[in-house]
Structure formats: structure tokens, C-alpha cells
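Colleague: Submitted below is the structure of interest, expressed as C-alpha cells.
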Amino acid sequence: MAVASIAHCDWPDEWPDLLPYLLKLISDQSIHGALRCLALISGGLDDALVPTLVPVLFPCLYTIVSSSHLYEKSLRAKAISIVHSCSSILGTMCGVYKTETIALMKPMLKPWIEQFSHILQPLVQSEDPDDWSIRMEVSKCLIQFIQNFPSITEAEFSVIMSPMWQTFLSCLEVYEQSSIKGINDSYSGRYDSDGVENSLDSFVIQLFELLLTIMANRKLMKVMGGNVQELVYYTIPFLQMTEEQEHNWSLDANQYVADEDDVTYSCRVSGVLLLEEVVNAYGEEEFDSIIEAVQKRFNQSSQEKYAGSTDWWRLQEASIFTLSSVSESLLEAQASGIIRFNLGDLLGQMLSANIGTGINEYPFLHARAFSAAAKFSSVISQIVREQFLHAAMKAIASDVPAPVKVGACRAVAQLLQESNTRVVEPYTIDLLSALIDLLRQASDETLHLVLETIQAVVKSGHQQMSSIEPIISPIILNTWAEHVSDPFISIDAIEVLEAIKNVPGCTGPLVFRVLPSVKAMMESPNSQPTGLVAGSLDLLTMLLKDTPIDIVKAVFDACFHPVIRLILESTDHSEMQNATECLATFVSRGKQELLAWGGDPHVTMKSLLDAASRLLDPDLDSSGSLFVGSYVLQLILHLPSQMAHHIRDLIGALVRRMQSCEIAGLKSSLLLIFARLVHLSAPNVEQFIELLHTVPAAGYENALVYVMSEWSKHQGEINGSYRIKVTTAALALLLSTRHPQLAKINVEGHLVKFHAGIATRSKAKLFPDQWTIIPLPAKMLALLADVLVEMQEQGVGSDDEDSDWEEIHDGDDGIHQDILASVASDARASMKHLDTMAKAFDESIDDDDGDDSLVKGVDPLNEINVANYLMDFLAKFSNTDRPLFDHLCQSLTAAQCNAIERVLNK
């Protein structure tokens, strides 16, 4: 280690003889230290050294690896690890020096692969960690070869396929005896002297990684194509719970939940990843093969059961787990009619095989059956659903092992959503009582699951809730208060309280139970535990939403002024964000009436404006202002006459806040305000443009130049259905004015690409992004065309996803010279096609922008059909001012022009 540490600094410049000396040590049989030193050095090599080192080093390493009669497996494994390190570095160089690296590796690759085939050919032996280690290093090397040198590896790979398959099959028997049944030693948790894990599990995980890499290579995948069912068939047993997992999960159900929900490092997870890759790679071609393989393993487990095996349940649980792991893809295939089997009938038979019997003897099998019933609830029959629902409710209320209750909670949470509430209501009180007992025992890992189940029961048991609300609400509130600093658990608890609030007859009791405590907290925020004030604001916001107006007024009377005070005085970002959301909800729910609730409407309005002024302060940290856009939007929508007197001041504050903004989401939300002001100014949009032109902006001629420069630059980054509709339609309104001030503004147009080839970091430094400069109206039309392009892509889909490297090509798709050029026969879009485009577009974009819940049913712009809106706009624009329209189209790309053509020639 001392030599390697010095070498990282001094070799080769200050220590040119080091490598020859190490190689001489190897040839002189002083191999242990020399190899370890080389292994340490190879991990820190750069792209300047490796090309000169590999031709000298690899032959020496090959001699060691191929001389099994002279060197033990651990030394040969160390030699292969050095090959792996060097290959990895060469792989990173391939992007720039592809020809040189392939020329370097090509003559060496074939003998190495042949040597690897010799290592993988013998059967895997039990309790031989050195054998597992050398095979593991071979797998790592093969992964590097496939990923970094696919063209030359594919030509030689047939040599390795049979030995690799032999390793996979023989490993299964060893794994079952060692890890699953615990008969032999699996060396779990053991490491070699270099700190590398040498357990059987780590070897199996690496083997799955190799298979995953093969599946990701299209040419090698075809080699596997005829053996997919066999691959799945032999993968399923690897998914069995190990003896160690069974022991740990039986002692701690919270760990069971944590390991099930998180992607842990295990053979079980690696096997699932392989199955998912099979589905992604082969799709509909192999769904039936997967189901057939599962059926065979399930039937095998049944035969083992009748033969008296005590471990039969493991394979059955793994079979059900296999289907659950690819449930989403299977359900899509079932809905599309791709699967030959009736998935619902098959699952009904599998899941019902052992329900109600042996629940204490085989808890994990029952837990898996419950979980699978939840995942496949949409395809199993109503009889099976109700059978599992009753069994799950009974299990939650019974003295059964904790893992069973975990699965039962998953089943109840899902199945209640699809069951007749009359079936459930007689059991509601007993079920909630049992769940509350579980809640008291739950840890952070299981709290989410129990709260989710309670929420489902509350939603389904309305008739019983009014009598139990006084009991359950304080318990959930206490859980929320205990975990208020945990965003996941506190949100879960608030969602349960929201479900209680929405039960007829429970809203008032819950709100008036909460208000006194929250009011007291808000009036003395500095003396509260960390997170409690911010959490209380979240709770208040939930209580305000979809609540009768008399309840809203009661919350206003208790908490409005403390919320205002928090915004004006707090320095805590979480408190300010949550207070802003709460205040936006106050305005959304109270509307004009809110002004009179405080006594003097002018005083209340001044409080609202003072809060907006603090949040728009350019010196305030951007995080504290994060939700000011949503708040100002509510002021504009619900108090338009009051806000009309302050529009000029508001525009100035918005510009100053944008110019000091450091968060993209905040800038987008402020751009939305400008867009909404454009709509409010209609039909006098020209007057709004003139107003912007008269407002100053630091570093720019005026606010119009600054806002439109930022808007044109960031429009493509705006997310959320409502935001995209409002900003897109506002751009169309602005463009339709043909105002001369817009034409005077120049903005960034298209990205200029000076070079072809692979986009590397070094090229990015030499050739930083540069943009053409075009008039603003041309950019605005291009942005509208981009929306059409995206909508059409979402409507018709795209399957062009193949590429190992992102290639940069010279030029663009071409600049379209005439918008009215000949139109292809399939370019005509019907109204039905436009609707399909709009629907696909709405489904594809992220709706979680924080504004949707407050504008639904309030802002008519939320109902815009973007496709129809743009079609009408473009038709009017092209008809009323054809010369300008044709001139602007000269700046569009071919894709943008084609998108407009499809709309105009409907």
C-alpha cells in the first residue's frame, strides 16, 4: 500500500522503473505483493497511462490466469481484477478514442475470453469462496468487454455462452443448499483480506449483473432469445427467501417491510431486475413464457408439499413473487389481449391454494399471497377479491405472525377501493381498532403501511365514522405530532385526517378539535419544537380545502393573522413556504368574503399585500419565496378589482424577484403570473405590452425586454398542465397583437452545433453552447410549434430509442422555406386526431405543479384544449397576415413546420 500510494504521485515520471520491477517480481515468483500493488495502482490510473501499460501488463497477467497448475485461484482472481480495472478505463476512453482502443484490445480479447470460458466451464462447487471469487472477477471483466467493446466482443461471445450457462445452472444447486436451506456454508458477510466480499450471494448477484448486461445488448440478447422461458424457469428459485432472510424477517417485521420496499442488495432483488429486463427486452413475445415458467415452478412446489418437504412454501412464494415483480407489465399485456392465459383465473387458483390454512406455519407465503392479491386486484374475480379481503381483515384482527399482518394491510388498502362498502361496514370499527393497535407497535418502516390502510378503511366505512371519529382523530393527530419532522409519515397522517374530514358529519368536529392547539402554536412559533409550526401550516391548509365556508371562516378567525405574521417575520424557509400555501388556500376558499371577515376590508387587503411584498422581496432567499407565484395567482383570480390598482407595482416586484431568483421552479411560477396577466388584459393586450414597456428592469431596456427574454428562454422548462395551457395561450395572444415593440426584441433562437460526433465533456469545454439570435415573434411561433411537435409525438408515439452513444450531427433537420409547400398525404390531421393529441399531451406532462388543486373549477383557462386553441390561432394568424406568417416561418425547423402543416391542413 505504501508503494502504491507513492506510485499515484510519482509514477511514471519520478519512478520509471516501478512497472518493470513489479513484473520482474511476478516472474521471480514473488507474486503476492506485486499483484496486490498492481491492483491498488490500477484503480487510480488515467487515460494517459493505460494505453502504454496494457500491452506490457496484460500478457503477464494472462500467464498467471492461464497457469492454474502454478497459481492459486485467489491470485488468478487478483490478476483478473487488474484486467477489469484497465478495461474499465479503456472503456471511458472509447468515446473519444474509439478506433485506438479497439485496435489495442482486439488482439487480446479473444485469448482472454477463451481463458474465461475455461474458468466458467466446471461445475460450481459448494463452500469454495475462492472459486466463487475468480468467477465473479470473470463476470466483471465480461461486463466491461460487452459494454465497452461490443463489436469485437460479440464476435467472440459464442465461446463463453455455454460455460456461462453451465455456471448459472450449477450455481443454483449450490445456492439452494447453502443460502436458501442453510445446509452448507454460504460465507455470508465474509470478506477477503482486501475487503472484498467473497460470499456466495455476492457471486450470484454478480452473475445476474452479467446476464443483465447481455440482455441489454441487442445482438447478444438474440442469442438468449430462444431460451427465455428456461432463463426465467431457473431464475425463479434464486428468488426464494434465504434461511437468513426468514430468520431476520421473523424477528423484525419492520425490517421485512423495509427490505420489501427498498431496493436492497440481495439475490432476490437482482433476480427481479433480470426478470424486468426480460420483459423490457422481449415484451409481448415472452409473456406467455414467463407465465408458463411460473406455473411449472408453482406445480413443482405443490408436488414437494405432498411429498413431505418442509421447504415447499419457499418456491411457491418465489413463484407468486415473480408474477408480482412484473405485475405492471403483465396487467398491461392482459388489457391489450397479448397474453394467451387468463391471468385472473390463473392467479385466483394460485393465490387461493393455501388461504386460511397453515397461516402460522407459513407466514411469508400468506403475506405474499395477500400482497399479490392487492397488486392483481383488477383482474382477479370479485369472489376471490372478497375472499381475500375477509381473510385479510380477519388476519389484522387476529393473533398471527407480523409478516402476515403486513401482507394483510397491503391487501386491505387496495381491495377496499374496489369492494362494495356494504360488505365492509359491519367490520369497520373492529378493523380500525386492530389497526390502531398496530399503529402503536409500528416503527418508521411500517407506519406508512398502517396509515395507508387506516385511510382506506376510513374512506370505505362512512356510516360508522361519525361515532368513532372522537376516538381515532386524537390518535392520528398524536401520530402526526410525533412524526411531524418526517415528511413522509406526517403527510400520511394528514391524508388520514383529510379522509376523516371528508366523511359527512366529521368535518366540524375534527376542525374544532384541531384549531385550539394549532392557534396556540401559531401565536408562539418560536417556542415550538422543530418542524411543528411548518407541519401545523400543512394541517391548516388541508382543513381549508373543500371545506364548507363557515368552517373556513372559523379557521380564518383563529389563524389568519398568525399566518400573515409568520410570513412577515419568519426566517425559516419551511415555515414561509407552508404559510404561503396556507394563505393561497385562504384566498382561494374565502374569495371576496374573506376581506369582510377581518372587519375592515382595507386592513385585510393590506395584510394580503404586505405578505406578497415580503415574499417578492428580491433580497429574500429564493427558497422562502418558492410558492409566492401560487399565492399571487390566487390574488389575481379572486380579488381582481382590488389587485387592479396595484398591477404596475406588482409587475415591478415580480421583475425584481425574478432577477434575483436562484430556483428554476420559482422563476417558472412568476412567468405564469405574467402569462395570467396577459389573459386578464384581453382584449386589450396591447395596453399590457405598453405597461411592461414603461416598467424599468435592471440591466435591460425595460421590463418587456427582460420578461420576454426570460419567457422565451424558459418556456420549454415549464411543467404542469395548467401552467403550460396558460403560458402557451398567452404567447399566442401576445403574438396575435403584432405589436411593434415585440419585433424590436431579439432573443435566443436555435442551438448552434459546430461539430459532429460524440458529445464529450472535453468537446463541451472547447465548444460551449451558442445560439442564433432571432426576432421575438419568430421565437414565439417556434415555441407554439414545439408544443404541437410534442403533442403529435405523444399522440403517435415514438420507438426510435436505439443508440449506445448520443451522436451529434452537422446541421439541423433543415430550415423549411415555405409553410404552404406540398403536404404529404398523411399530414392531414382530423379533429379526432387533434383531440387524441391533446389528451396524450395532458397525460404525458407532470400535473403536480402546485396550482391545479386551487384552479380547478375556478379558472376557465384550465379547460383549454391546447390543440384546438393553437389550431384556431394559427388559422386566424395565417389568414389575416399571410406575409408576416410566411416570414416568421422562415426561422422554423422542418419538424416545427411539419407540425404546423398538420394542424393547418386538418
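The values are calculated or read from the model by the stated rules, or taken from the named source; none is laboratory data. Computed from a predicted model, the values in this text were never measured in an experiment. Quick reminder, even Gly has a Cβ in these numbers, built from the backbone with ideal geometry, and neighbours come from all protein chains shown. Accessible surface areas use protein heavy atoms only, side chains included; no ligands, DNA or RNA. Shrake-Rupley method; radii C 1.70, N 1.55, O 1.52, S 1.80 Å.
Colleague: Taking the condition crowded, with 16+ Cβ neighbours inside 10 Å, modelled with pLDDT of 90 or more and touching a Lys or Arg at 6+ places or on another chain (Cβ under 8 Å), does Thr235 pass?
Modeller: Considered against the rule, which asks whether it is crowded, with 16+ Cβ neighbours inside 10 Å, modelled with pLDDT of 90 or more and touching a Lys or Arg at 6+ places or on another chain (Cβ under 8 Å), Thr235 comes out as no.
Colleague: Would you tally the residues in the stretch 302-354 being assigned to a helix (DSSP H, G or I) and of a type in the set (Lys, Arg)? Even if it seems obvious, please write down each step before you answer.
Modeller: Going residue by residue through the stretch 302-354, those that are assigned to a helix (DSSP H, G or I) are 302-306, 312-325, 327-336, 343-352.
Among the residues that remain, those that are also of a type in the set (Lys, Arg) are: 305, 314.
So the count comes out to 2.
Colleague: Another question, then. Can you run down the residue pairs with Cβ atoms below 6 Å, 6 or more apart or on separate chains, where the first is in the stretch 480-507 and farther than 24 Å from Val552 by Cβ and the partner is buried (at least 20 other Cβ atoms within 10 Å of the Cβ) and of a type outside the set (Ser, Thr, Tyr)?
Modeller: If the second residue must be buried (at least 20 other Cβ atoms within 10 Å of the Cβ) and of a type outside the set (Ser, Thr, Tyr), the pairs left are Ile489/Leu447; Ile489/His483; Asp492/Leu451.
Colleague: Looking at the stretch 867-906, which of the residues that are basic (Lys, Arg) and surrounded by fewer than 17 Cβ atoms within 10 Å (Cβ to Cβ) is farthest from Val747 (Cα to Cα)?
Modeller: Lys906
Colleague: Give me a count of the residues in the stretch 530-553 that are under 20 Å from Leu566 (Cβ atoms), open to solvent by 10 Å² or more (accessible area, probe 1.4 Å) and either without any contact (Cβ under 8 Å) to a residue 12 or more places away in the chain or among the polar types (S, T, N, Q) (or both).
Modeller: Number of matching residues: 2.
Colleague: Would you mind telling me which numbered condition in (1) under 27 Å from Val56 (Cβ atoms); (2) of a type outside the set (Phe, Trp, Tyr); (3) at pLDDT below 90; (4) crowded, with 22+ Cβ neighbours inside 10 Å Glu156 fails?
Modeller: Answer for Glu156: the failing condition is (4).
Colleague: Still on this structure, please answer the following. Does the stretch 282-290 contain at least one residue that is at pLDDT below 90, hydroxyl-bearing (Ser, Thr, Tyr) and in contact with a helix residue (DSSP H, G or I) (Cβ under 9 Å, 6 or more places away or on another chain)?
Modeller: yes
Colleague: In the stretch 548-575, what count of residues is obtained for those that are over 18 Å from Leu595 (Cα atoms) and either among the acidic types (Asp, Glu) or touching a helix residue (DSSP H, G or I) at 6+ places or on another chain (Cβ under 6 Å) (or both)? Spell out the reasoning first.
Modeller: Start the filter on the stretch 548-575 by keeping residues that are over 18 Å from Leu595 (Cα atoms), which leaves 566-575.
Filter again for either among the acidic types (Asp, Glu) or touching a helix residue (DSSP H, G or I) at 6+ places or on another chain (Cβ under 6 Å) (or both), leaving 566-570, 572, 574-575.
The total comes to 8.
Colleague: Taking helices (runs of 4 or more DSSP H) that fall entirely within the stretch 820-906, which contain at least 3 residues that are modelled with pLDDT of 90 or more and touching a Ser or Thr at 6+ places or on another chain (Cβ under 8 Å)?
Modeller: 866-880
Colleague: If you check Ser178 against the conditions, is it assigned to a helix (DSSP H, G or I) and crowded, with 19+ Cβ neighbours inside 10 Å?
Modeller: Criteria met by Ser178.
Colleague: Can you name the residue in the stretch 602-637 that is part of a helix (DSSP H, G or I) and in contact with a His (Cβ under 8 Å, 6 or more places away or on another chain) and is also most open to solvent (accessible area, probe 1.4 Å) among such residues?
Modeller: Per the stated criteria, the residue is Leu609.
Colleague: Go over the candidates Val138, Val124 one by one and state the one that is among the aliphatic types (A, V, I, L, M), out of contact with any Leu (no Cβ under 8 Å at 6 or more places or on another chain), crowded, with 23+ Cβ neighbours inside 10 Å and within 20 Å of Gln166 (Cβ to Cβ).
Modeller: Numbers: Val138 fails: out of contact with any Leu (no Cβ under 8 Å at 6 or more places or on another chain).
Result: Val124 is the single residue among Val138, Val124 that is among the aliphatic types (A, V, I, L, M), out of contact with any Leu (no Cβ under 8 Å at 6 or more places or on another chain), crowded, with 23+ Cβ neighbours inside 10 Å and within 20 Å of Gln166 (Cβ to Cβ).
Colleague: Spot the failing condition for Met224; the list is (1) free of Cβ contacts under 8 Å to residues at least 40 places away in the same chain; (2) surrounded by fewer than 16 Cβ atoms within 10 Å (Cβ to Cβ); (3) not small (Gly, Ala, Ser), and only one is missed.
Modeller: Only one criterion is unmet by Met224, namely (2).
Colleague: OK, next. Within the stretch 345-360, take every residue that is hydrophobic (A, V, I, L, M, F, W, C) and touching a Ser or Thr at 6+ places or on another chain (Cβ under 9 Å) and give me the one that is nearest to Leu330 (Cα to Cα).
Modeller: Met350
Colleague: Quick check: is even one residue across the stretch 495-510 under 25 Å from Leu449 (Cα atoms) and basic (Lys, Arg)?
Modeller: So far as the stretch 495-510 goes, yes, one or more of its residues are under 25 Å from Leu449 (Cα atoms) and basic (Lys, Arg).
Colleague: Given (1) touching a Lys or Arg at 6+ places or on another chain (Cβ under 6 Å); (2) farther than 30 Å from Ser186 by Cα, where does Leu57 come up short, assuming only one miss?
Modeller: Going through (1) touching a Lys or Arg at 6+ places or on another chain (Cβ under 6 Å); (2) farther than 30 Å from Ser186 by Cα one by one, Leu57 breaks only (1).
Colleague: Restrict the check to the stretch 350-360 and report whether at least one residue is of a type outside the set (Gly, Ala, Ser), closer than 21 Å to Leu274 by Cα and free of Cβ contacts under 8 Å to residues at least 60 places away in the same chain.
Modeller: Scanning the stretch 350-360 turns up no residue that is of a type outside the set (Gly, Ala, Ser), closer than 21 Å to Leu274 by Cα and free of Cβ contacts under 8 Å to residues at least 60 places away in the same chain.
Colleague: For residues that are of a type in the set (A, V, I, L, M) and either under 30 Å from the mean Cα position of the chain (by Cα) or open to solvent by 50 Å² or more (accessible area, probe 1.4 Å) (or both), tally how many sit in the stretch 364-401. Can you show your working first?
Modeller: Initial filter on the stretch 364-401 (of a type in the set (A, V, I, L, M)): 365, 367, 369, 372-374, 379-380, 383-384, 389, 391-393, 395-397, 400.
Next cut, either under 30 Å from the mean Cα position of the chain (by Cα) or open to solvent by 50 Å² or more (accessible area, probe 1.4 Å) (or both) only: 365, 367, 369, 372-374, 379-380, 383, 397.
So the answer is 10.
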